[in-house]
Amino acid sequence: MDEMSLLYLLKQSTEIKQRKDVREQVKKAMSALQALTRYLYENGIQEIPSNLCEYYQFLEERPLCDYITCIKSVEPFYDAGIVNKEVEELFQEENLEEIQQNAIVGNGIRFFREKLQKLEEEKSEDTWIYIKECEEEYVRFRLFLSETEFRDSISMEYDIANLNVPAEIVQILKKSFSCKKHYGKDVEVCPVCGKPIMEKRENICDNEVCNWYIQKEKLEPKTIKLQGKAMELLPGIYRFCLSPGIAERKIYQKLKDLYGADHVFLYPHVDRYDIDVQKNGKAVYLDIKDVKNPLRLFKTLTETSDLSKLFYSKENPVYLVIPEHRISIYTQTNRNLSYIEQLRSYLTEAGMDIRVIREARLPVMLNSEWRCQDEPLS
């Protein structure tokens with residue numbers, strides 16, 4: 001049995017524990033106990049609960065990381081009526097509805113990649129012009145989806161019409177938003193992601209990344225005046241496109257300010273990498289990864305079909321970049337552990353030559369790469 005299936009059964013058994021239907025509770029718990037017993041035995045773990053009393057004791061006392069490899073938490077699965085936070089986050093990542101919603105964006109990416117491939121196969125004199133146009137259209141498409149979670153329907157129609165993208169992409173952009181009717185004329189939104197603020201509280205947004213930037217940059221909520229209907233980005237697109245896009249856009253802007261717009265490119269070659277920084281025709285490619293913990297990121301990388309594009313070489317220098325906000329948030333919640341060092345240890349153990357760097361070290365690394373590239377071959 002895979003770990004996600006086991007965690008699902010364990011979660012079901014703890015949820016049913018809260019209900020009055022004892023017969024159903026016992027049935028679910030016994031099913032989970034049998035699955036846990038088989039899993040622990042197959043993985044060589046000797047401490048195996050033999051009855052329901054021991055089963056619940058196991059869930060409430062045994063550190064999760066002792067028997068579930070995709071979890072780093074030293075806390076138990078279940079404590080004082082609450083399922084482990086990292087388990088809940090893991091299930092949130094497996095949200096089927098959100099994954100299906102993000103497939104809308106996937107259709108747009110596929111459209112541009114197929115268009116780019118056809119252009120590259122043509123090999124006519126003016127092909128490079130059309131390739132450049134295709135790449136620029138793709139950047140406008142991605143930026144539109146990562147700029148803000150909330151839009152006014154009238155201004156959204158106007159903005160889409162002025163994006164200058166193919167008709168197929170216009171339809172995809174419109175499908176990426178849903179109409180909401182429960183807002184007044186003036187809507188306060190998060191200054192980072194644009195999500196509406198539902199109530200006054202200490203943390204302006206429910207996205208921890210937004211709150212990190214709000215505190216660091218002393219940002220205040222923005223106000224959007226509604227002329228038409230309230231339009232919100234679908235949750236799956238917010239999660240898989242806008243949220244990781246926060247780091248991509250901020251790092252891109254910083255590098256553009258440092259080296260100029262003519263030397264820094266966002267989503268080059270239709271998102272083969274996130275950022276391409278060039279000097280004297282020599283490129284360094286950056287892939288931005290904003291994942292909650294290094295183990296989860298490592299597992300995501302091992303499941304990536306085109307992992308080889310991240311392997312480092314002098315001819316094709318690629319760096320995996322961890323944003324400063326992710327390092328800071330992880331350090332605060334994980335007893336000062338180093339995100340970068342842990343990820344590097346996982347990659348080294350797996351024999352993966354992937355260079356990992358934190359956002360703050362980018363200028364030093366880029367200057368070093370260009371200096372090495374400028375040196376004549378001996």
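Descriptive notes on the structure:
- Annotation for region 60-81: no member residue is modelled with pLDDT under 85, among the charged types (D, E, K, R) and either under 24 Å from Asp271 (Cβ atoms) or part of a helix (DSSP H, G or I) (or both).
- Tabulated pairs, region 207-220, first aromatic (Phe, Trp, Tyr), second buried (at least 20 other Cβ atoms within 10 Å of the Cβ), C-beta under 8 angstrom, 6+ apart or interchain: Trp212/His325; Tyr213/Val192; Tyr213/Ile246; Tyr213/His325
- Within region 201-233, tally of residues that are within 25 Å of Lys174 (Cβ to Cβ), part of a loop (DSSP other than H, G, I, E, B) and among the charged types (D, E, K, R): 1
- Subset tally (residues that are of a type in the set (A, V, I, L, M, F, W, C) and surrounded by fewer than 18 Cβ atoms within 10 Å (Cβ to Cβ)) for region 110-132: 3
- Residue count for region 150-197, restricted to those that are over 30 Å from Tyr130 (Cα atoms) and within 21 Å of the chain's Cα centre (by Cα): 8
- Enumeration of residues in region 234-264 that are touching a residue at least 60 places away in the same chain (Cβ under 8 Å) and outside any helix (DSSP H, G or I): Leu234
- Region 241-286: number of residues that are within 19 Å of the chain's Cα centre (by Cα), closer than 18 Å to Ile131 by Cα and of a type in the set (A, V, I, L, M): 3
- Leading residue by the ranking (farthest from Glu208 (Cα to Cα)) among those in region 230-240 that are within 11 Å of the chain's Cα centre (by Cα) and surrounded by 22 or more Cβ atoms within 10 Å (Cβ to Cβ): Ile237
- 1 or more residues assigned by TED's automatic domain parsing to the domain that holds Arg113, farther than 30 Å from Glu120 by Cα and at pLDDT below 90: qualifying helices (runs of 4 or more DSSP H) within region 266-368: none
- Options Glu149, Glu75, Glu61, Glu135: the member that is more than 25 Å from Asn207 (Cα to Cα), touching a strand residue (DSSP E or B) at 6+ places or on another chain (Cβ under 9 Å), surrounded by 13 or more Cβ atoms within 10 Å (Cβ to Cβ) and not β-branched (Val, Ile, Thr): Glu135
- Filtered by the rule that a residue be within 18 Å of Trp212 (Cβ to Cβ) and exposed (fewer than 13 other Cβ atoms within 10 Å of the Cβ), region 334-352 gives a lone residue, Asn336.
The values are calculated or read from the model by the stated rules, or taken from the named source; none is laboratory data. Because the structure is a prediction, the values reported are computed rather than measured. We place every Cβ from the backbone using ideal geometry, glycine too, and count neighbours over all the protein chains shown.
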